[in-house]
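Student: After the structure tokens below, expect a handful of questions from me.
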Amino acid sequence: MNSAANLLEARDIAKRFGSVVALRSASLSVRPGEVHALMGANGAGKSTLVKILTGVFPPDRGTIAINDAGRSFRSPAEARAAGIVSVYQDPALVPDLTVADNMRLADVASSAVRRWLEALGVENLRFDAFVRDLPYPILRLIDLARALAPDPLILLLDEITAALPADLSERVFQVVRHWRQRGHSVIFISHRMAEVAALCDRATVLRDGVVVGVTDIAPGSEERIVSLMLGQSTTTAGARDAAAAGAALVSTDGTPALEVRGLRCGHWVNDVSFSLRGGEVLGVAALEGQGQQELFDCIAGVRRFDSGEIFAGGKALTLRHPADAIAGGLVLVPANRLQALLQQRSIRENVALPAFRDISRWGPIPLRRERERVAAAVRRLRIDTRAESELRRLSGGNQQKVVIARWLANGFETLLCFDATRGIDIGTKHQIYALVRELAASGSAVLLFTSELTEIPLACDRAIVLFGGRIVDEIPASAADEGTLLRAAHGLGSPVEPKRTTLEPEEQPIPDARAAMARPGLAERARGLVARYPTLFGMPALLIAFLAATVVIHPNFDSFDAQSLAMAALPLAFAAAAQALIVISGGIDLSIGSVMAVSNVLAARTMEYAGFGQALGLAVLILCAGALVGAINGLLVVVSRVPDVIVTLSTGFIWGGVALLILEKPGGGAPDTFLALATGTLFTPWLSNSIILLAASLAIVWIPLRRSKLGLRIYAVGSDRTAAFRSGVNVARSRFLAYVFGGLFSSIGGLGLTMTTGIGSPRSGVLYTLSGLAAVVIGGVSLVGGRGGIFGPVVAAFVLTLIPADLIFMNIDPNFGQVIQGTLIVLVVMLGGFFTLARSRK
Amino acid sequence: MSGLPKASGLRSLFGPEGLLPWLQRNTLVVLILLLVVFIGAVDFAKPGTVNSVWLSNTLLFAAPLGILAAGQTMVMLTGGIDLSVVSVATGSAFLMTTLTLRIGDGWSVVVGLALGIVVGLINGVGVAVLRVQPLVMTLGTGLMTQGVIIVYSQRILASRSVVPDIIHVLGSGRFAEIIPFDLFVWAPIAALVISGLRWSGFGRLVYAIGDNLEACQLAGVRVWRVLLVDYAICGLLAAIAGMLLVGNTNSADLGLAETYLLPSVASVIIGGTSIFGGRGGYEGSIIGALILTVLNGVLTLVDSPEPVKQILYGGIIFALAAVYTRLTD
């Protein structure tokens, strides 16, 4: 371990974003076999340095060397190849893919991942489970295991224990120590001093974009690190004094500010009752996932609860919406500031937001009164307003203060503070706790949850301990030291050392992971299959229903009708396929109809006097042209960063114009033998060649694509672009290729138009863009991306074609077809929205 | 607004205190410059064209687009989009003209406007209450409306369609030969929309919802109410735009507003409103609408075949949007 060479040597790294300097000059040296802590307040530049080291973006200046060899990374994939892997706070896993597919995506062997998962205490994980179905702590461990599997030189862990229960955290530490023994290194980022002290060898401290110190970790070095981070000497004792200075003025009149009786919510909150008086700060102490989040959500009106009552100021509240809670004087400061704040708007708009919740306040804003009220709140909280124009320019601590300022300005009775100081620098933390004591001193009630047990006595008068959704203890502040709280928080009776202890995995409730690990029975698997691929079963059922109806309406439905139907549906089916592919990749293409028209007129123009062989050759060329057009669309979308709606609306105009240039008026033709490829019947009069053509095209193009790495990447990019990027996917290239294939399908559709109509018509594609989109929506592909397939939309195309045909059979005006099509879309999506809403209400 | 930049040398042009960041913060200036450039291009293509008559015509034709863009702006600020505006515009105009003889001028206008509000409310219910994606919802209602109007048009083939006098005057008349009357419709709408977005609680909520819907809910805002009203207003504005259009052409035609869909969205994007919501405003959309109208005029003057014009139109709109996106990134 005493080798002279550093494993990682980053020197003089600088990075600025526009006029904001994130890193001035940061250097980091990591020895082999070392656990090195990277410390710093929010805004000190930690996350920027991490992103540079792992290839998310390059530095403006500075060098990085691994084992004395200079390196530069332009992507996470390159950083990983060089041996640096990071595990971020958000698991870089694509939600709509299975675990196995996620491993494939990152080119990591599932077997290696499985071994590491077992080392981390996660056994028998089903790798064919979808990531979105797995609980969050498990995802973090999968992320970690995936990082470990390729045996990187340097592991970068960013707040790895943030959402893990104690026993899993302990396993992580064991793995980290084991990693160190092998001569690899870990860069460890955590706000939890106790962890850093227990695990790390050295620490580098950042402040304001510069390294202010590198220190060995020894008993007592915590104070030094904190003072380095703050730039001044602050002790927790001092903070406690400052906090205690605001003496508690607990109101002694009868009515509590907040009273909760017998609250139950799912399996998270099991019969919780407590009361809180004005002037009192009540702390909630709990380990990860004991129901505290759900408890706060219920009281704040964010979540519906099953039974129990909530009283504010003695009045019973019916809570259906946060507005009801706010009306009762209960306001929430959530852990995640991103949830509560408007990043692009000013401080003033953020603070004033609740003022407009009543319709009566939708009119003209009383500007002067607003300005005064906002200024008063900002002053009281000492919010740094230098970058007033946009909230996102403020540091994390200041942003959190804005959330509190909002409620100060609006007025409240009870403040619900849920882990309000998570991820915030120590200086701001103490300011917030001092404020909490001030608020209590002036008569407000505060319910405060913090994941840092040591902070409970800083601000609270007493604490209730939550374990398994129940209150298991109540402790006055004077007795609320970390040991006592930890003991109670574990639901244990005997005293425990104030350090994390290893618990047996069975003692920690992780119910959902159990379900993911068990082997399901056959019936359950069948049900799962239907639930997972509803369109695979639903769409053909719908089509059969429509066909049955058609036959009933028109008993003379003969093979000729069947052929006509197939031929009419062919172009739309391809338009739907093209759109589906692009939508799955997370985009949209409003130029599909125009591309079809180009293909259509090109064929009709060039094939008019050609023989069959020539026509086939021309067809191949036209397909290439279609792919080229798709490539141009894709290139413009990816490079210009203009939203795809605008790009493809514009290129739709352009391609439409090109089609008009090729063929001014409907005309042209193609050899009969070529037309027969769609109009003929090779086997039986009931099976039009169109169907064979459709099936063959999909089989040759879609099925291999779906199974390929590229297909996986396309789904990944549509599902979660960031996770895909961090997994090493070239997002731009994948999106680009989706458009290329979309162009290919569109041009097949255009050729289909030529074959089925026999001519070329420059305006032929107009209807297909929106109808194709309609088929995609009805076919069950979400516009959000990452889900679905081509099968549903193609079948939906047939359904949509049947509708006007049925209308004609019924002697109804076929123009009603458009009405029905539009109404069908509206009904399908509204029903879908309704069911999603109903499900989420549960 | 910050002071004027010191432009000494190329470094200061692009540095933090230079011209480029100043332009980024004051995009309205860029837009007006672009507009001037385009007007200059018109005069270049055919010298002597730009005079008071031309100006008057341009404003006349820009007004319906500008009003469509107003509704589109309000919807896009919440992170949505409304693809049904052209169907509503056409539908309202058509409905109005076919009912004039039966129920009189005043009532036919009311019914036309009501159609806009009704479709807007349906959009709002889908988007706000059922959380359907705006693109899909408005696509559906647009198709629905268009279809209904087509069927309706075949039912009433026999009766005549007449544009109410007041609409005809508003749509094509001019005050003192210069100022088009439809400005008297556009200007108040513009004033209302701009001041509403800036200085009303409703406007604040529109921006807030586009920025972070969840934050609004946590702050006690009942988001569905705001969105419902927002989409209804958009529908109403689309109806007004359609009426001005038919007032100009003076004949009910099912393809009335067909070519206005891309321009209505493009005006808003070029004007600086983000398609994701939370940022922008109607001032920019007004200039955007003017730019597109002038662009259309330029292409009409240039003596080239229809397809080339179409290609140029799409290309230029894309180029404008691309430049704009780069500028505001």
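All of the numbers you see were taken from the coordinates with simple rules; none came from a lab. Because the structure is predicted, anything quoted here is derived from the model rather than measured. Using ideal geometry, Cβ is built from the backbone for each residue, glycine included, and neighbour counts are taken over all protein chains shown.
Student: Once you've got the Cα coordinates, tell me which of A:K15/A:K46; A:K46/A:K709; A:K665/B:K309; A:K46/A:K429; A:K46/A:K401 are over 23 Å apart. It would help to have the intermediate numbers written out before the result.
Tutor: On the way: A:K15/A:K46 12 Å; A:K46/A:K709 34 Å; A:K665/B:K309 17 Å; A:K46/A:K429 18 Å; A:K46/A:K401 21 Å.
Flagged as over cut-off: A:K46/A:K709.
Student: Dipole of region A:336-411, Cα-centred, from +1 at each Lys and Arg C-beta and -1 at each Asp and Glu C-beta, to the nearest 20 debye? The partial results should precede the final answer.
Tutor: Numbers: 17 positive and 7 negative charges, 35 e Å.
Using Cβ point charges on Lys, Arg, Asp and Glu, region A:336-411 gives about 160 debye.
Student: Among DSSP beta bridges whose residues both lie in region A:3-234, state the antiparallel percentage, nearest 5.
Tutor: Values: 22 of 40 bridges.
That works out to approximately 55 percent antiparallel.
Student: Then there's this: D for region A:659-753, whole µm²/s, Stokes-Einstein with Kirkwood Rh over alpha-carbon pairs at 25 °C and 0.890 mPa s: what number? All intermediate terms of the calculation are to be shown ahead of the outcome.
Tutor: Numbers: Rh = 16.1 Å.
D = 153 µm²/s.
Student: For A:A37, what residues show an amide H to amide H distance below 5 Å, using hydrogens built from the backbone and excluding near sequence neighbours?
Tutor: Amide H neighbours of A:A37: A:F188, A:D201, A:R202, A:A203, A:T204.
Student: Sticking with this one: By how many nm would the segment from A:S346 to A:T836 lengthen if fully extended, with 0.36 nm per residue of separation less the alpha-carbon distance?
Tutor: Going from the current span to full extension adds 173.1 nm.
Student: Restricting things to Cα coordinates, could you compute the convex hull volume per residue of region A:336-411 in Å³?
Tutor: Details: hull volume 7.0 nm³, N = 76.
Per-residue hull volume (Cα only) is 92 Å³.
Student: Hey, what do the phi angles of region A:150-157 turn into as Karplus ³J(HN,Hα) couplings, whole Hz, using 6.51/-1.76/1.60 and θ = phi - 60°, x for Gly and Pro?
Tutor: x, 6, x, 6, 10, 10, 10, 10
Student: Okay, which of region A:789-817 sit inside 18 Å, backbone N to the point 7 Å along the Cα-Cβ direction of A:S564?
Tutor: Of the residues in region A:789-817, A:798-817 have backbone N under 18 Å from the label point off A:S564.
Student: Another question about this same structure. Averaging over every viewing direction, what projected area does the convex hull of the Cα atoms of chain B cover, in nm²?
Tutor: Values: hull surface 76.9 nm².
About 19.2 nm², averaged over all directions.
Student: Mean separation of Cα pairs under 8 Å and 6+ residues apart, divided by the residue count of chain B: what relative contact order is that in percent? Before the final figure, lay out the partial values.
Tutor: Values: 532 pairs, mean separation 99.9, N = 329.
For chain B, the relative contact order is 30 percent.
Student: If you don't mind, there's one more thing I want to ask. Pairwise over distinct Cα atoms, reciprocal of the mean inverse distance: report the Kirkwood radius of the protein assembly as shown in Å, one decimal place.
Tutor: Values: mean 1/r = 0.0304 Å⁻¹.
Taking every pair of different Cα atoms in the protein assembly as shown, averaging 1/r and inverting gives 32.9 Å.
Student: Residue by residue, what Karplus-based ³J(HN,Hα) values in Hz, rounded to whole numbers, does region A:89-98 have, using 6.51, -1.76 and 1.60 with θ = phi - 60° and x for Gly and Pro?
Tutor: 5, 9, x, 7, 10, 7, x, 8, 10, 6
Student: If you average the C-alpha positions of region A:343-372 and of region B:115-142 separately, how far apart do those two centres end up, in angstrom?
Tutor: Region A:343-372 and region B:115-142 have Cα centres spaced 27 Å from each other.
Student: With the contact rule set at Cα under 8 Å and sequence spacing of 6 or more, what percent relative contact order holds for region A:568-841?
Tutor: Working: 492 pairs, mean separation 101.5, N = 274.
Answer for region A:568-841 is 37 percent.
Student: So what's the back-of-envelope 222 nm ellipticity for chain B, counting only DSSP H runs of four-plus at -39500 (n - 2.57) apiece and dividing by all residues, rounded to 500? Could you put the intermediate results ahead of the total?
Tutor: Working: 14 runs with 242 residues, N = 329.
So the helix-based figure for chain B works out to -24500 deg cm²/dmol.
Student: Give me the log10 of I(q) over I(0) for region A:3-234 at q = 0.10, 0.15 Å⁻¹, as the Debye formula computes it from C-alpha points; what are the numbers?
Tutor: Cα-only, vacuum Debye calculation for region A:3-234: -0.45, -1.02.
Student: Next up: Rounded to the nearest 500, what is the 222 nm mean residue ellipticity of chain A from helices alone, with -39500 (n - 2.57) per DSSP H run of 4+ residues and division by all residues?
Tutor: -15500 deg cm²/dmol
Student: Still on this model: In whole Hz and in residue order, list the ³J(HN,Hα) couplings for region A:29-37 that follow from phi through the Karplus curve 6.51 cos²θ - 1.76 cosθ + 1.60, θ = phi - 60°; x for Gly and Pro.
Tutor: Result, ordered by residue: 10, 10, 7, x, x, 10, 9, 10, 8 Hz.
Student: Let me ask another. If you find the alpha carbon centre of region B:76-107 and of region A:603-667, how far apart are they in angstrom?
Tutor: Here the two parts' Cα centres lie 35 Å apart.
Student: Give me D for region A:568-841 in µm² s⁻¹, whole number, from Stokes-Einstein with Rh from the Kirkwood sum over alpha-carbon pairs, 25 °C and 0.890 mPa s. Intermediate values should be presented prior to the final figure.
Tutor: Details: Rh = 18.9 Å.
Once the numbers are plugged in, D ends up at 130 µm²/s.
Student: Between region B:196-223 and region A:269-294, how far is it from one alpha carbon centroid to the other, in angstrom?
Tutor: Comparing the Cα centres of region B:196-223 and region A:269-294, I get a distance of 30 Å.
Student: In region A:254-321, which trypsin sites (Lys or Arg not before Pro) are in a loop and have at most 11 other Cβ atoms within 10 Å, using DSSP for the loop call?
Tutor: Loop-located and lightly packed - A:R320.
Student: Which trypsin sites (Lys or Arg not before Pro) in region B:128-219 sit in a loop by DSSP (not H, G, I, E or B) and have at most 14 other Cβ atoms within 10 Å of their own Cβ? Each step should come with its number before you reach the end.
Tutor: On the way: sites: B:R131, B:R155, B:R160, B:R174, B:R198, B:R204; in loops: B:R131, B:R160.
Answer in residue order: B:R160.
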